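Engineer: Quick one: the structure is below, and I'll ask about it shortly.
The values are calculated or read from the model by the stated rules, or taken from the named source; none is laboratory data. None of the values given here were measured: they were computed from a predicted structure. All Cβ positions, even for glycine, are placed from backbone atoms using ideal geometry, and neighbour counts span all protein chains on display.
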Amino acid sequence: MTAVPTRVLTIAGSDSGGGAGIQADLRTMAMSGVHGCVAITAVTVQNSLGVTEIHEIPPETVAAQIRSVVTDIGVGAAKTGMLASAPIIEAVVEACTEVGVGSGGVPLVVDPVCASMHGDSLLALDSLDALRTRLFPIADLVTPNLDEVRLLTGIDVVDAAGQRRAAEALVGLGARWALVTGGHLRTAERSVDVLFDGDEWFELTRDWVPTPHDHGGGDTLAAAITCALAAGLDMPEAVAHGKEWVTRCLQAAYPLGSGRGPVSAFWRLDG
């Protein structure tokens, strides 16, 4: 009998252009040999140039998807992406708590998506408090980019010291671990991400990848970490795997449409 693969759940929005969101998550999961399940929070109308429409899924339907998957199929880890509104965040927290996701149970990675790569808002600004006070306290790891760090903590990260202050602030909001990525911090010679659990510091360093095509990079990073946690890696090992994975995806990124192309997990097909 064929063995059942590792299962993970992504709770996020759909990207009609296929570059980010649920689509990017499922590509990384499939290329990792993982069975990906979904709880879709919103449907976006977007392409390589930007987002033009967002249609939220009813919060009760988002919660029902989570309960349906976890209680029957079971998952080794879960992640969140675009959550769109405070009611959806509340529904996700309630459903995850009910089925044992987060809060020290099934590992939960929170990618606090606030805006697209093009600057289009993907979260109502009045929902930031729900992220901070409701979702972060049940998260095993939060993975904001530098723009999201500024919105969530008020810290404008411009150097390595700022990354550490931001990580401390994020852990202070309740997350068990915080990863502050340095992919957009061009003051350093190499790309350095900072990981912190309130006691220990870890730095993950790779060379810059010179490409304008980075759509879906944050989603892909969080999805790769989630897959690694589901496979039993500890947090530093899982984050190191995610850093390596997204670096390889940036190296394989391709142009798409007239704007920013996506990072690509297809590098895995070459072995």
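Engineer: In this structure, does VAL113 turn out to be touching a helix residue (DSSP H, G or I) at 6+ places or on another chain (Cβ under 8 Å), closer than 30 Å to GLY259 by Cα and at pLDDT below 95? Explain how you work it out, then say what you get.
Structural biologist: Numbers: touching a helix residue (DSSP H, G or I) at 6+ places or on another chain (Cβ under 8 Å): yes; closer than 30 Å to GLY259 by Cα: yes; at pLDDT below 95: yes.
So VAL113 passes the test.
Engineer: Sticking with this one: Find all pairs meeting these conditions: Cβ atoms under 7 angstrom apart; at least six residues apart or on different chains; first residue within segment 210-225 and touching a residue at least 60 places away in the same chain (Cβ under 8 Å) and under 14 Å from GLY18 (Cα atoms); second residue part of a helix (DSSP H, G or I) and of a type in the set (Ser, Thr, Tyr).
Structural biologist: Close Cβ pairs satisfying both conditions: THR220/THR28.
Engineer: Could you check how many residues of segment 27-59 are assigned to a helix (DSSP H, G or I) and surrounded by fewer than 22 Cβ atoms within 10 Å (Cβ to Cβ)? So that I can check it myself, show each step before the final result.
Structural biologist: Taking segment 27-59 as the starting set, the residues that turn out to be assigned to a helix (DSSP H, G or I) are 27-31, 59.
Adding the requirement that they be surrounded by fewer than 22 Cβ atoms within 10 Å (Cβ to Cβ) leaves 30-31, 59.
Total meeting the criteria: 3.
Engineer: Right, another one. Between a first residue in segment 237-259 that is under 16 Å from ASP219 (Cβ atoms) and free of Cβ contacts under 8 Å to residues at least 24 places away in the same chain and a second residue that is of a type outside the set (A, V, I, L, M) and not in a loop (DSSP other than H, G, I, E, B), which pairs have beta carbons less than 7 Å apart while being 6 or more apart in sequence or on different chains?
Structural biologist: From residues that are under 16 Å from ASP219 (Cβ atoms) and free of Cβ contacts under 8 Å to residues at least 24 places away in the same chain, the pairs are ARG248/TRP267; ALA252/PHE266; ALA252/TRP267.
Engineer: Identify, by number, the condition in (1) more than 22 Å from LEU108 (Cβ to Cβ); (2) within 17 Å of the chain's Cα centre (by Cα) that THR211 doesn't meet.
Structural biologist: (2)
Engineer: Just need a number here: residues in segment 1-26 that are within 20 Å of GLY232 (Cα to Cα) and in a strand (DSSP E or B). Show your work before the answer.
Structural biologist: Step one: list which residues in segment 1-26 are within 20 Å of GLY232 (Cα to Cα), which gives 3-10, 25-26.
Within this subset, residues satisfying the condition of being in a strand (DSSP E or B) are 7-10.
Of the residues in segment 1-26, 4 are within 20 Å of GLY232 (Cα to Cα) and in a strand (DSSP E or B).
Engineer: Return a yes/no flag: does segment 121-129 have any residue that is modelled with pLDDT of 95 or more, outside any helix (DSSP H, G or I) and within 19 Å of LEU221 (Cα to Cα). Steps first, please.
Structural biologist: Quick first cut of segment 121-129, residues modelled with pLDDT of 95 or more only: none.
Looking for residues that are modelled with pLDDT of 95 or more, outside any helix (DSSP H, G or I) and within 19 Å of LEU221 (Cα to Cα), one finds none in segment 121-129, hence no.
Engineer: Same structure, new question: When you scan segment 156-179, how many residues do you find that are modelled with pLDDT under 95 and in contact with a helix residue (DSSP H, G or I) (Cβ under 8 Å, 6 or more places away or on another chain)?
Structural biologist: 2
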